[in-house]
Amino acid sequence: MTTTPRMKTISRIAGTAALALALAACGKSGDGANTTTASAESAGPKLGIRPSGDETVGPDMSKIKNADLPKVFDYIDKHIDEHVVNLQKWIQQPSISNTGEGIQESAEMVKGFLDQLGCQKTQVFDVGKTKYGTQGNPVVYGKCDEGAKKTLIVYWQGDTMPVTQPDLWKAPPFEGRLVEQAPFKKVLIGRGAINSKGPEMTFLNALMSIKAVTGKLPVNLIFVVEHDEERMDIGLNKFMTTHMDMFKGADGVWGGGGSEGCVFFELKTSGKSWGRGPVYSDIHGGNKRSVDSPAWRHIQMLSKLVSEDGNTVLIPGFYDNIVPNSPETEAALRKTAETYDLKRAAKNLGVARFISDDPYTQLKMQRTGTSMNLDGIWGGNMFAGGSGAILPNQIISKHAFRYVPNMDGPDLVAKVRKYLDQLGYKDVEINLIGDVPWAIRDRNNDQARAMTYAQDIFTKPLTPGGSGAYWPAYLFSGKETNIDLPIAAVRGGTGGNAHAANEWYVIEGAGKQFGMATAEKMVATALYVYAGLNGPIPVKTEKANGADGGS
């Protein structure tokens, strides 16, 4: 039977409704105790998930002082099958910001999550035109007043990357299939599994479990969920700078900590701008015998921007203004390097080897380094296989600078412009797509100490300081907004292949790596510790590891 667009829409709406019902059942409570009905228990999904999997680590129960937490842990264990289904249903809703597929539906789905959580205010915002001249994708806002003493802003992204190389996927990217993947008995395969629906649904499941057991959360929450993270957060920038007043009263941000800077731009060489080669459209490739090629000119231009191995940027002034790593970050990197297995890390990432064979150097490059990447290039004959003689009239390449304090994204792009002009490429056009400035994490605050202690309770060490991948931390750090708050969170769940084929998220843990249930328990614990409801934080953990960088 042929599936029509209308049938697909109906299917997705049905999936959204089913998830809402699952979350509603998960959140049912009478007098604040765990009173989920027997009928709801029996009607739940039966996936047979083992909450602790093959894990060899877990919570140190001697450090759990609040009587509610063991009940929340027990609830999570009993409902982990439903929690995994919640994630599967979210994976089944595409939300690809670069194409727009499923974005509006995803925004409404996320609003439904927040409605089921009991947030008093939820709204999907059309942000309009961004400062880059393009339409921003919707932002979902939710405010949950629990009558608590502290309030956290919760940052999420609801969008994912497109599916590339679909023939390499071992399960359909929007199915959410559970498969065995050594050393894990169960992982979930799907676009958005680790980046970032898996960790986000883990957080939501933890919240719903707390409410099912106690009837309220230990902290107030303000959710802000963007659908433009994979487009340089352009819509979130517009929303945050326009609605700063909606975040008044917040004490901190549940987010990824510090962030590297990242600026995306395109370079375009065309016959029309150059004044040579095809000026209107592609022409027959046989004409190369007597006609100049914008494509070859573009390749020659690109070769002058980086060293022969592609690992050193040759643009004058590119490395100016870099602030060296702090002693704390350097110490953390060296400690991690002592037990870092380069070969295993390369295999897990799916690369033949790293640039450096020294663990410390590799970690430093990856977590606190800079780069210029060629993210894509197109023009002319883009069809796989066969022939087809084409002399392109234009070629476009997409690039990203990953940069660190105190570098500046637009300044780096300006340096590209100046250098190209000096080289005689004044005709090459530059299109600035978007910029996410860097932000430094300050761990010398109560929120960071609470997160550190929560991880200590679960014998889960912190990762070394460093910038990590970019996220819009700058909008919560006083850049372009009046919001300047501590940023810290715990993230016990893990996975891999973000932006790649077979993206995955661990469901049943193994060894020292947590599965979804244990990750949910750590989230719940972190919130109680932060709220001051699990007793005082021991003195030895009061100074969080490191002073800058991200996670």
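The values are calculated or read from the model by the stated rules, or taken from the named source; none is laboratory data. It should be emphasised that the depicted structure is a prediction, and the values quoted were computed from it without experimental measurement. Don't worry about glycine lacking a Cβ; one is built from the backbone with ideal geometry, like all the others, and counts go over all protein chains shown. Note: areas computed on protein heavy atoms with side chains; ligands, DNA, RNA excluded. Shrake-Rupley method; radii C 1.70, N 1.55, O 1.52, S 1.80 Å.
Here the translational diffusion coefficient of region 392-529 follows from Stokes-Einstein with Rh set to the Kirkwood radius across Cα pairs; for 37 °C and 0.692 mPa s it amounts to 176 µm²/s. Pairs 216/521; 304/398; 418/479: which are spaced more than 23 Å apart, C-alpha to C-alpha? Over 23 Å apart, Cα to Cα: 418/479. For the chain, the dipole from Cβ point charges (+1 on Lys and Arg, -1 on Asp and Glu) about the Cα centre works out to 420 debye, to the nearest 20. The number of Lys pairs in region 79-179 with C-alpha atoms less than 18 Å apart, excluding pairs fewer than 8 positions apart on the same chain, is 5. Within the chain, the selection of entire DSSP H helices by a Cα span of 20 Å or greater along the long axis and an average Kyte-Doolittle value of at least 0.5 returns 5-27, 198-214, 516-530. A 1.4 Å probe run over region 243-311, with the rest of the protein chains in place, finds 50 Å² accessible per residue. Under the combined filter of DSSP loop state and at most 12 neighbouring Cβ atoms within 10 Å, region 226-301 retains these trypsin sites (Lys or Arg not before Pro): 248. In region 205-271, the ratio of gyration radius to Kirkwood radius, Rg to Rh, stands at 1.15 when only Cα atoms are counted. Only lysines eight or more places from residue 335 in sequence, or on another chain, were considered; those with a Cα closer than 22 Å are 343, 347, 364, 460, 512, 540, 543.
Reported value for region 268-322: 111 Å³ per residue, from the convex hull of its C-alpha atoms.
Using a probe of 1.4 angstrom and keeping all protein chains present, the accessible surface of region 57-145 works out to 39 square angstrom per residue. Neighbours of residue 414, meaning other residues whose beta-carbon lies under 14 angstrom from its beta-carbon, give a summed charge of -2 when Lys and Arg score +1 and Asp and Glu score -1.
Over the chain, Cα pairs under 8 Å with separation of 6+ residues give a relative contact order of 23 percent. Straight-line cross-link partners of residue 65 among the aspartates and glutamates, defined as a Cα under 20 Å from its Cα and at least 8 positions apart when in the same chain: 74, 77, 446, 456, 520, 542. Overall, the accessible surface of the chain at a probe of 1.4 angstrom is composed of carbon and sulfur to the extent of 53 percent.
Each principal axis of region 65-206 carries a Cα extent, and these read 51, 41, 19 Å when sorted largest first. When the Cα atoms of region 238-395 are aligned to their principal axes, the ranges along those axes come out at 62, 49, 34 Å in descending order.
Farthest toward the positive end of the dipole of the chain, out of 208, 316, 306, is the Cα of 306, where the dipole comes from beta carbon charges about the Cα centre. Summary of packing: across the peptides 349-359, 212-222, the per-residue average of other C-beta atoms within 10 Å ranks them, highest first, as 212-222, 349-359. Taking one quarter of the surface of the convex hull spanned by the alpha-carbon atoms of the chain gives a direction-averaged projected area of 27.4 nm².
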